1. Can you confirm whether segment 130-144 contains a residue that is within 24 Å of Val245 (Cβ to Cβ), over 15 Å from the mean Cα position of the chain (by Cα), among the β-branched types (Val, Ile, Thr) and not in a helix (DSSP H, G or I)?
2. Among the numbered criteria (1) modelled with pLDDT of 85 or more; (2) exposed (fewer than 15 other Cβ atoms within 10 Å of the Cβ); (3) under 24 Å from Asn103 (Cα atoms), which single criterion is violated by Ser23?
3. Select the helices (runs of 4 or more DSSP H) contained entirely in segment 24-107, then report the ones holding at least 3 residues which are of a type in the set (Ser, Thr, Tyr) and under 30 Å from Ile171 (Cα atoms).
4. Could you list, in sequence order, all residues of segment 152-185 that are open to solvent by 20 Å² or more (accessible area, probe 1.4 Å) and either in a helix (DSSP H, G or I) or among the acidic types (Asp, Glu) (or both)?
5. Can you run down the residue pairs with Cβ atoms below 6 Å, 6 or more apart or on separate chains, where the first is in segment 158-173 and closer than 22 Å to Ile187 by Cα and the partner is outside any helix (DSSP H, G or I) and small (Gly, Ala, Ser)?
6. Kindly list, by first and then second residue, each pair from a residue in segment 78-90 that is over 17 Å from Val120 (Cβ atoms) and modelled with pLDDT under 95 to a residue that is of a type in the set (Asp, Glu) and in a helix (DSSP H, G or I), limited to pairs with Cβ atoms under 8 Å and residues at least 6 apart or on different chains.
7. Could you list, in sequence order, all residues of segment 107-151 that are surrounded by fewer than 18 Cβ atoms within 10 Å (Cβ to Cβ), in contact with a Gly (Cβ under 9 Å, 6 or more places away or on another chain) and of a type in the set (D, E, K, R)?
8. Would you check which residues across segment 107-127 are under 11 Å from Ala86 (Cα atoms) and touching a strand residue (DSSP E or B) at 6+ places or on another chain (Cβ under 9 Å) and list them?
Amino acid sequence: MNKIPDSNIKTEILIHDLKVPISVINAGARSLLDRQDTYGPLTEKQIKVLNRIVRNTLATQRLVNDVLELGRSREGVIVCSQFSVAALVAGVLVEVFDLADPNVADAVRKAGSYAHLQQVIADAGVTLDFQKDTWRARVCLDAAKVRQILRNLVTNAFKHRTARVDIRGVIADGCLTLWVKDDGRGIPHADHQRIFNTYFTTGGSIEDAIESHGLGLAGVMVLLKDMGGQMMLTSDAGRGAEFRVSIPLS
C-alpha cells in the first residue's frame, strides 16, 4: 500500500499544480498585448488592465516558487551553482520594480553598467553601494534561495520606506554579506524577535494586515538556516530598519 502523503506534501503538490494555470493566464494576457495584429487593436484602458494582469501573474508565480523553495529547505535540499552578484541584485531589482514601477524595471533591464544602474534607480529612491570586486564577483551558492532572501528583504523595505531604500554588499571573511535598509517608521526593540515569527506583522491596522501576511521574514530565516547563514536587525521606533544577512561561501 502506498504511503499517504503528509499535509505539507499535499499542500506543495497543490501549489506546484497552480503553476500551469498561472502560466496560461500570463501567456494569454501577453498574447493580447503583443499580437494585436492577430487578435485586434486594444484601447488604452484595455492595455492598462492587461498589464495589471501580467504584473499580478508574475507576482503569483514568484510566490508559488517561493513556497516550493521553502519546502525544499525543509527537506535540506541545496542546489549550488555559479552566478554573479551583479546579476543577482539586478534580477531582484527587476522583480521588485515589475510590481512597483514597470518603467523603472525596463530601465534596469537595459542598464549597461553599475554606474548606469545606480542612476536609473536613484530617481526611484534606491541606492546601491557595492565594492567593485564584490559587484563583479561570481559566487557558488543556491541561487534560488539567495535571490528569494534578497527579494523578500527589498520588498519588505519598499513596503515600509518613507522615501528611500539602501542596498549594499561585500564579500569578506568567507561570506557574502548584504544589507537592506529603509527609512520607515522602524521596529521597536520589543518586536525584534517577534517579527521573524510566521504571521506576525508590526502593524495593528486592517490596512497593515492586508499589506503583509508576515511570511516574508520567517521564510528568510528558514532559507538562511538551511545555508548556515545569519541575519541581524538594526532598528528602533521612528528610525527605519536595516537587515544584514551573511551567507557562508564554503
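The values are calculated or read from the model by the stated rules, or taken from the named source; none is laboratory data. These numbers come from a predicted model, not from an experiment. Note that each Cβ is placed from the backbone with ideal geometry, even for glycine, and that neighbours are counted across all protein chains shown. Keep in mind that these areas ignore ligands, DNA and RNA; they rest on the heavy atoms of the full protein, side chains included. Shrake-Rupley method; radii C 1.70, N 1.55, O 1.52, S 1.80 Å.
1. yes
2. Looking at each condition in turn, Ser23 falls short on (1).
3. The helices (runs of 4 or more DSSP H) meeting that bar number zero.
4. Asn152, Thr155, Asn156, Phe158, Lys159, His160, Asp166, Asp173, Asp183
5. Listed by first residue and then by second, the contacts come to His160/Gly184; Arg161/Gly184; Thr162/Gly184; Ala163/Gly125; Arg164/Gly125.
6. So the pair list comes out as Ile78/Asp226.
7. Asp129 - this is the single residue of segment 107-151 that is surrounded by fewer than 18 Cβ atoms within 10 Å (Cβ to Cβ), in contact with a Gly (Cβ under 9 Å, 6 or more places away or on another chain) and of a type in the set (D, E, K, R).
8. Matches in segment 107-127: Tyr114, Leu117.
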